[in-house]
1. Once you charge only the Cβ atoms, +1 for Lys and Arg and -1 for Asp and Glu, what is the size of the charge dipole of segment 191-230 about its Cα centre, to the nearest 20 debye?
2. Could I have the simple spin-label model distance between Ala169 and Arg204, label points 7 Å from Cα toward Cβ, reported in nm to one decimal?
3. What do you reckon, how do Lys438, Lys93 stack up by accessible area (1.4 Å probe), largest on top?
4. How long is the gain from Tyr223 to Gln188 if the chain were fully straight, where each residue apart is worth 0.36 nm and the alpha carbon distance is subtracted?
5. Please give the direction-averaged projected area of the C-alpha convex hull for segment 477-632, in square nanometres with one decimal.
6. For the pair Leu329 and Arg272, what calculated FRET efficiency results from E = 1/(1 + (r/R0)^6), where r is the Cβ-Cβ distance and R0 = 35 Å, to the nearest 0.05?
7. Quick check: residue separation of Arg436 and Leu295 times 0.36 nm, minus the Cα distance between them. What number comes out in nm?
8. Computed FRET efficiency, Cβ-Cβ of Ser487 and Phe382, R0 41 Å: what is it to the nearest 0.05?
Amino acid sequence: MNGLNYILGAWLLSWALCSQHTYLPEVDVRASRIHLSTSGFMEFSPDSSLLKNKAFLEVTDLLRYSLPAVVRQYGPGMITTFRVRGLASEHFKVVWNGLSINNPAMGLFDFSGVPGFAFDQLSIYQGNMAGFYGSGAGSGALLLGSKPVAEAIEASAISSIGSFGYRQAGVMAGTNMGRFSTKISINQHLASNDFEYINLSRQRQRLSNGSYIHTNATLDFGYKIDERLRLHMAVWKQRSFINIPPSRVESRFNTSRQWNDNLRTVLLLTGRAGLVHYSTGVGYISEKIVYQNDLLRTTDSSEVKGVQTFFRGQTTFNKTWNVLFNTELSHYNAPSKLRAEGAQQTLAIASTTVEHWIHRKIRLALTARQEWMDGNWAPSVFRLSGEKFLNALKFSISAGNHFRWPTLNERFWTPGGNPDLQSESGYTAELGLRYRQKWKLLDVEINAQPFAQQINQLILWQPVGAFWSPINVQSAQSAGVEVRAESRVQLKDRNTVNFQINYCFNRTEITKAEGAMSSTVGKQLIYSPLHIANFSLGYTFNTWQYLASSHVQGAQHTLSDNHPSGLLKGFAVFNTLINKEITRKNFNLSIGIEVRNIFNTEYQMVAQRPMPGREYRLNLLIRYYQPKTRNL
């Protein structure tokens, strides 16, 4: 019996106690992060209008219209990654229920096929997170979380149909019985992706061999031992089948396909002992990829399995001091005929943060972190930050260093892996200004954050003979500014207007290199546009909701020497959605129409990989909620 069957079996045991689902209309974006200091960071979540529709959206959609980052998507349903502040995806950490879920072999997280409604907590942090999440968190982090339901029985079902054979179906169910609570979600979406695109002859051509199927199942069990001690188990099973079409410059016979089979599970114990709040847990991760090329008639597989354990805590005393600590230990094996023998790693981490309010409006924080991997000590990572609060304004400043180990693929891939790679290191400095004001009917928040980052021994994959291999480039620099503005207007009755806009100007270039890479000095890194922006506008009128959103990416280079022949033109994609809600007692019905890429824009996120034009979707969501009754 595979992992998905285990989840279904466990759910059937609790079905009589549940009903059909747990759907939380909004994400809890302020969930406790015991070991995480937010001093000096830009912390935010997607716009509330987006969150209200997260049942119909993937996590990719929530980030695309909320995070000023480069989206690299090979096509709908295919591998999707984010580049924050001009740095590769290996610098952006994804954490689920306390576990780091970046693939240890590749160093990144693939967001393709991850549904939004499977998560109750979603927070985004921009800036150097290396002090808290270590190697691979130099540009930011995404925190995803799930939890059992509150004291209620909840149920929901979702269905969507759309252009190019798009279909989505899902159910979620949960119940709470005092000490014990549970929740399950099952979701599947698929598409044939037979959209038309413009080929190299400037003729319209229909995409072939582009279909996909993504299936996700999550399970949460909670048990309240007493008022101070809680147990939480979370399981996430993910399976995908993806047909990969040839690019616009490849032979039509060069088709391939990929199977993904991932299992992530964690057991958490959170509690309080005196003044100390703590969380300890153990998690297991298994990820398998099978890739088949039809033209070459080859089949390759890659697998990663490992265990993570952690113990974290936080204590506050004298009302002005806050101390946080974190220890982690993980071990991963990555067996594959495409990797050299012995592809494994053991990583140990210890970190602490001390925060002190030296004045009721001034806070300082110092973080120190030490890592050890396979007998080698990493340079110590430090981060110093300060915040000054002045009425509606907050000024912040932070500086520190960062570090990234080479991934298993970078060291052990055959052919091309480089066991002699040096680890990346460098320094980061950030300034921050936040203005927040609340009036009777209007809330406004504006954030601006200039940043600069130095990266030494930057790891880049480059062609070496007949294959690609990672090399170290002596130094690179990323600098720019991020701006975020959001507002909420409360009109009469239940009418509201929500607005959010994000913008990033970033220049990331190689500053020192030798040999063949010397020609790239002063050149913008590939897939790092100077300008990125997105916005969302939501309007709620009684039981009607309107949402407009857009993602804008500037032109980006695809060749290291920035030759004009490799310039990928910029684009702007606009979407809209209209929903109608009908409520009857404990039932809520939501019917929505969604139009994506309204202006039928021709664009690519990866060179020669076309994206679909205008598409339509019809969404239906049915929710049931029954509060638990209490005996008087």
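1. Its charge dipole is roughly 200 debye.
2. Between Ala169 and Arg204, the simple spin-label model gives 3.2 nm.
3. In descending accessible area the options line up as Lys438, Lys93.
4. The Tyr223-Gln188 span can extend by a further 9.7 nm.
5. 15.1 nm²
6. 0.90
7. 45.0 nm
8. FRET efficiency, Ser487 to Phe382: 0.65.
The values are calculated or read from the model by the stated rules, or taken from the named source; none is laboratory data. What you see is a predicted model; the values in this text were computed from it and never measured. As a convention, Cβ positions derive from the backbone with ideal geometry for all residues, glycine included, and neighbour counts pool all protein chains shown. Heads up: the accessible areas ignore ligands, DNA and RNA and are worked out on the full protein's heavy atoms, side chains in. Shrake-Rupley method; radii C 1.70, N 1.55, O 1.52, S 1.80 Å.
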